[in-house]
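J.: Got a structure here, written out as structure tokens. Questions coming.
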Amino acid sequence: MDEMEEELKCPVCGSFFREPIILPCTHNICLACARNILVQTPDAESPQSSRASGSGVSDYDYLDLDKMSLYSEADSGYGSYGGFVSAPTTPCQKSPNGVRVFPPTVPQPPATQHHLLQLQPGSLPPIPRNSCITCPQCHRSLILDERGLRGFAKNRVLEGVVDRYQQSKAAALKCQLCEKSPKEATVMCEQCDVFYCDACRLRCHPPRGPLAKHRLVPPAQGRISRRASPRKTSTCTEHELENMSMYCVQCKMPVCYQCLEEGKHGTHEVKALGAMWKLHKGQLSQALTGLSDRASEAKEFLVQLKNMVQHIQENGVEFEACLVAQCDALIDALNRRKAQLLSRVNKEHEYKLKVVRDQISHCTVKLRQTTGLMEYCLEVIKENDPSGFLQISDALIRRVHVTEGQWGKGTLTPRMSSDFDLTLDSGPLLQTIHQLDFVQMKGETHAGVCVVPAPPMLQLEECCTQNNSATLSWKQPPLSTIAVEGYILELDDGNGGQFREVYVGNETICTVDGLHYHSTYKSRVKAFNASGLGQYSKTLLLQTSEIAWFTFDPASAHPDILFSNDNLTVTCNSYDDRVVLGGSAFSRGVHYWEMTVDRYDNHPDPAFGVARGDVLKDVMLGKDDKAWAMYVDNNRSWFMHNNSHTNRTDGGIAKGATIGVLLDFTCGLLIFLINDEQQGPVAFEGLEGPYYPAISLNRNVQVTLHTGLPIPDFYTPGEADPNGSEC
């Protein structure tokens with residue numbers, strides 16, 4: 001039950017909730033605290049006059065409320081609730097408890113005070129027009145309507161849970177009349193509503209005269225009777241004389257019949273209050289089941305961590321004992337090194353303990369919060385007030401799911417092994433004792449013993465792939481001080497083949513470009529020094545992008561080609577055809593890109609396709625044996641390779657036309673499209689990369705490249721043509 005206490009305290013005053021109300025953001029706050037943090041905003045019609053007149057807003061200039069924008073439900077991101085309009089979050093001060101609240105309103109000078117209204121005894125003063133309240137938890141601000149705080153629903157379920165919790169945790173009641181060191185109360189007078197000890201009862205409440213008729217009861221019974229006033233029946237916030245009897249599915253709130261007949265819920269879907277009450281109770285119970293399983297796993301995990309502490313202690317003692325035995329066996333020469341080796345073990349020992357203890361502390365806090373939420377939810381489920389339950393059930397269900405998601409697999413995995421990964425070799429001759437260490441020497445050969453670097457550690461948080469490039473980062477183990485002269489990075493061919501060296505040097509980060517798209521590469525790294533090569537690191541899998549993003553390549557283009565739009569748009573300053581290639585080469589997978597015709601003058605015939613990197617750049621694409629292309633004018637198109645023209649097809653291009661190129665290496669074929677329709681049959685078959693996207697054009701044509709596109713719907717990879725012939 002102690003874990004639940006945090007759920008039952010107001011975020012403003014830090015005490016148990018008293019008359020809690022529900023804000024539109026689903027957080028709760030005491031009614032009195034809500035009145036304390038109200039801020040009056042300036043009149044929208046005359047902000048300058050309001051500030052100049054010395055209104056309450058002048059005390060909160062730092063809020064800049066006259067500049068605060070009020071948004072509609074679509075703009076604010078928070079939505080509207082019960083006539084309240086959300087506004088952007090405004091800065092708040094901090095209370096001594098760390099809770100962010102507004103400061104109390106400073107009284108105005110008499111000359112600027114408004115006329116006071118005559119109030120009935122026991123009534124609350126009216127809320128000024130345009131008052132603003134900010135949730136102390138999520139800091140969302142909203143403007144109150146004419147109903148003021150009465151427009152917020154009371155959280156009677158939370159109030160009942162607080163009452164039961166306080167009754168279960170009630171300590172010994174103290175006398176209310178003792179002047180110093182109040183004694184424990186023995187009775188309570190129901191008529192006086194005062195707790196007395198024996199001495200104060202005889203002195204202040206003698207059993208004679210009118211006091212003889214007063215009824216004295218035990219303190220616990222008196223406290224319960226003091227709190228036993230029945231809660232009022234739930235009524236509608238807009239129609240205070242109507243009981244809530246239905247549930248609006250769209251607004252997710254209980255409503256009355258008058259809301260359905262006259263209010264904004266008339267066209268909404270509504271259901272019976274009792275049915276929705278049972279449904280939400282079932283959903284909350286089901287969500288709690290999953291969270292309870294996570295909590296049970298967390299408890300078992302804590303036991304595992306605590307056992308790990310004991311194992312680390314035991315393994316540490318055992319390791320020290322073995323180390324001492326080995327060092328003592330080497331007589332006097334080993335004694336000078338023994339202290340240093342023991343110090344190394346102790347550092348490893350303390351490091352492991354610190355990591356595990358930190359994880360225990362973190363997991364304990366999360367478990368405490370989870371247990372508190374579970375106990376609170378179980379108490380809420382015990383409530384028999386459907387409307388009150390439904391007011392908070394959605395928020396509780398979301399909190400339970402979010403909390404359950406926080407107990408992911410990584411959270412319940414030990415961060416540290418209890419084993420000591422230190423190895424002491426006691427076999428070398430006596431001459432090597434002075435250089436003896438935990439697999440860490442100076443990178444030299446001593447008495448025939450080679451000491452090479454330890455395997456590097458790949459830093460997974462810094463390793464990534466982008467498009468067809470991969471970046472890898474690594475470091476030496478934290479406790480290793482072996483001299484390292486350089487590293488060797490190896491990758492396979494992305495298809496399960498042999499590893500090959502892609503980098504040799506002393507840097508600890510490397511980016512490899514020009515990889516195959518839609519491929520999985522294996523990578524590993526090893527260190528070397530004068531003693532030789534160390535062991536490989538663990539193998540890391542890298543997945544390159546499935547869809548290619550690229551631009552035209554200025555470095556490989558003909559000098560007459562003109563680039564713009566970040567190298568996505570090209571034209572030419574010559575009347576002769578000039579070739580430009582894409583910046584990425586393809587040799588695996590299925591790829592599709594498009595080019596739109598931005599300018600098309602005097603009916604030229606540009607060519608689109610793929611080419612080798614050494615294709616001729618000063619002739620039409622397809623004139624040599626290094627390119628496979630389709631050239632097209634305003635009426636028809638041809639396929640061309642090695643200056644051979646085939647498959648004339650009617651249908652040309654104009655300004656605004658789109659040319660698509662589909663390259664499928666699974667079948668080795670090339671297909672062209674014009675305005676999303678296939679142009680002719682399959683253009684070329686038996687293609688083997690690598691190929692670059694390519695285009696040839698003159699000054700009468702300008703095109704823009706579009707990449708990263710999905711494969712057209714009409715095409716199924718693995719078929720030689722869309723009609724179904726197998727490749």
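J.: Hey, how much of the P(r) for region 452-543 falls beyond 18 Å, as a percent of Cα pairs? It would help to have the intermediate numbers written out before the result.
T.: Values: 1667 of 4186 pairs.
The calculated P(r) of region 452-543 puts 40 percent of pairs beyond 18 Å.
J.: Among the lysines, select those whose C-alpha is under 30 Å from the C-alpha of residue 183, and discard any that sit fewer than 8 residues away in the same chain.
T.: Cα-Cα hits under 30 Å: 9, 169, 174, 213.
J.: Using alpha carbon centroids, what distance separates region 245-288 and region 518-550, in Å?
T.: When both Cα centres are located, 57 Å separates them.
J.: Which far-off residues, 5 or more places away or on another chain, put their amide H under 5 Å from the one on residue 131, with H placed in the peptide plane?
T.: The answer is 41, 144.
J.: Test of understanding: what is the full-extension gain from residue 147 to residue 564, defined as 0.36 nm times their sequence separation minus their Cα-Cα distance? Please report the intermediate quantities before stating the final value.
T.: Values: separation 417, 0.36 × 417 = 150.12 nm, distance 6.06 nm.
Value of the extension gain: 144.1 nm.
J.: Could you name the aspartates and glutamates whose alpha carbon sits less than 18 Å from that of residue 271, not counting residues in the same chain fewer than 8 places away?
T.: Excluding near neighbours in sequence, the set is 242, 261, 262, 385, 394.
J.: Hey, got the dipole for region 452-543? About the Cα centre, +1 on K and R Cβ, -1 on D and E Cβ, debye to the nearest 20?
T.: Details: 6 positive and 9 negative charges, 50 e Å.
About 240 debye.
J.: Under a no-solvent Debye model with one identical scatterer per Cα of region 280-406, what's log10 I(q)/I(0) at q = 0.18, 0.19 Å⁻¹?
T.: Values, matching the q order: -0.93, -0.98.
J.: At 0.36 nm per residue, and after removing the present C-alpha to C-alpha distance, how many nm does the segment from residue 258 to residue 339 gain when stretched out fully? Write out the running numbers ahead of the final one.
T.: Values: separation 81, 0.36 × 81 = 29.16 nm, distance 8.52 nm.
The residue 258-residue 339 span can extend by a further 20.6 nm.
J.: A 18 angstrom limit on the alpha carbon distance is what I want to check against. Which of 299/366; 154/252; 299/382; 306/366; 475/526; 347/526 exceed it? Walk me through the numbers before you get to the answer.
T.: Numbers: 299/366 11 Å; 154/252 16 Å; 299/382 25 Å; 306/366 16 Å; 475/526 10 Å; 347/526 26 Å.
Result: 299/382; 347/526 exceed 18 Å.
J.: What nm distance separates the two modelled labels at residue 461 and residue 314, each placed 7 Å from Cα along Cα→Cβ?
T.: 3.3 nm
J.: With a/c under 1.5 counting as rounded, go ahead and sort region 561-706 into rounded, prolate or oblate using the C-alpha gyration tensor (a ≥ b ≥ c being the square roots of the eigenvalues; past the cut-off, prolate if a/b is larger than b/c, else oblate).
T.: Rounded, since a/c falls under 1.5.
J.: Taking loop as defined by DSSP and a crowding limit of 14 other beta carbons within 10 Å, which GluC sites (Glu not before Pro) in region 257-288 fit? Write down the numbers at each step before the final one.
T.: On the way: sites: 261, 262, 269; in loops: 262, 269.
Qualifying residues, ordered by number: 262, 269.
J.: Related question: Could you order the peptides 679-685, 462-468, 706-712 from most to least packed, using the average number of other C-beta atoms within 10 Å per residue?
T.: Working: 679-685: 19.6, 462-468: 15.7, 706-712: 14.1.
The densest-packed peptide leads the list: 679-685, 462-468, 706-712.
J.: By what distance, in whole Å, do the Cα atoms of region 469-607 stretch along each of the three principal axes, largest value first?
T.: Between the extreme Cα coordinates on each principal axis of region 469-607 lie 71, 28, 23 Å.
J.: If R₀ is 41 angstrom, what is the calculated FRET efficiency for the pair residue 406 and residue 199, using the beta carbon separation as r and rounding to 0.05? Provide the component values of the computation, followed by the final result.
T.: Details: r = 54 Å, r/R0 = 1.33.
In this case the efficiency is close to 0.15.
J.: Which lysines have a Cα lying under 21 Å from the Cα of residue 617, excluding residues fewer than 8 positions away in the same chain?
T.: 626
J.: At most 15 other Cβ atoms within 10 Å and a DSSP loop assignment: could you name the trypsin sites (Lys or Arg not before Pro) in region 577-672 that fit? Working shown, then result.
T.: On the way: sites: 578, 588, 599, 612, 617, 623, 626, 636, 648, 655; in loops: 588, 612, 617, 623, 626, 655.
Loop-located and lightly packed - 655.
J.: Another question about this same structure. Rg (Å, one decimal) plus Dmax (Å, integer) for the alpha carbons of region 280-326?
T.: That works out to 20.2, 67 Å for Rg and Dmax.
J.: By how many nm would the segment from residue 180 to residue 536 grow when fully extended, if each residue of separation counts as 0.36 nm and the alpha-carbon distance is taken off? Display every interim value, and only then the final one.
T.: Numbers: separation 356, 0.36 × 356 = 128.16 nm, distance 7.64 nm.
Contour length minus Cα-Cα distance gives 120.5 nm.
J.: Rounded to the nearest 0.05, what FRET efficiency is calculated for residue 138 and residue 676 with R0 set to 30 Å and r the Cβ-Cβ distance? Before the final figure, lay out each step's value.
T.: On the way: r = 48 Å, r/R0 = 1.60.
Using R0 = 30 Å, I get an efficiency of 0.05.
Values in this text are rule-based calculations from the coordinates and carry no lab data. Remember, it's a predicted structure, so these values are computed and weren't measured experimentally. Heads up, the Cβs are rebuilt from the backbone with ideal geometry, glycines too, and the neighbour counts pull from every protein chain shown.
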